[in-house]
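Remarks on the structure that follows.
The values are calculated or read from the model by the stated rules, or taken from the named source; none is laboratory data. All values derive from a computational prediction rather than experimental measurement. Counting neighbours? That spans all protein chains shown, and the Cβs are built from the backbone with ideal geometry, glycine included.
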Amino acid sequence: MAELQLLEELGKGQYGTVQRVFHRPTNVTMAMKEIRLELDQAKLNQILMELDILHGSQSPYIVEFYGAFFIESCVYYWSVRER
């Protein structure tokens, strides 16, 4: 997380929070979704399916998936709107 500068909260959802962040190594501003893992198996499966779909999707109508990582009890993933 040292590579990221938190800029602002964009919103909150059922599973977590989305923040606008600046990724210092690439000079790219992106959205980072923090998902708390205190979920039942069905919700966890839904999140994993979403990550898998984002990873394999290439469309001007879907955000570009940059990656995901785990820290303690949260999963974080990055996406960028611009292509």
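Listed conditions (1) in contact with a His (Cβ under 7 Å, 6 or more places away or on another chain); (2) modelled with pLDDT under 80 are all met by Met30, apart from (2).
Read through the list (1) touching a Pro at 6+ places or on another chain (Cβ under 6 Å); (2) in contact (Cβ under 8 Å) with a residue 60 or more places away in the chain, then give the number of the only condition that Glu3 fails. Only one criterion in (1) touching a Pro at 6+ places or on another chain (Cβ under 6 Å); (2) in contact (Cβ under 8 Å) with a residue 60 or more places away in the chain is unmet by Glu3, namely (2).
Scan the stretch 8-17 residue by residue and report those that are surrounded by 13 or more Cβ atoms within 10 Å (Cβ to Cβ) and farther than 15 Å from Leu37 by Cα. Leu10 - this is the single residue of the stretch 8-17 that is surrounded by 13 or more Cβ atoms within 10 Å (Cβ to Cβ) and farther than 15 Å from Leu37 by Cα. Candidates are the residues of the stretch 42-63 that are among the charged types (D, E, K, R) and modelled with pLDDT of 80 or more; the one that is nearest to the chain's Cα centre (by Cα) is Glu50. Once the stretch 7-41 is narrowed to residues that are aliphatic (A, V, I, L, M) and within 13 Å of the chain's Cα centre (by Cα), the residue that is farthest from Gly67 (Cα to Cα) is Leu10. Given the structure, is Val18 touching a residue at least 24 places away in the same chain (Cβ under 8 Å) and hydrophobic (A, V, I, L, M, F, W, C)? No; evaluated as a whole, the condition is false for this residue. Just wondering, is there one or more residues in the stretch 72-82 that are out of contact with any His (no Cβ under 9 Å at 6 or more places or on another chain), modelled with pLDDT of 80 or more and surrounded by 11 or more Cβ atoms within 10 Å (Cβ to Cβ)? Within the stretch 72-82 (the criterion being out of contact with any His (no Cβ under 9 Å at 6 or more places or on another chain), modelled with pLDDT of 80 or more and surrounded by 11 or more Cβ atoms within 10 Å (Cβ to Cβ)), the answer is no, since none of the residues qualifies.
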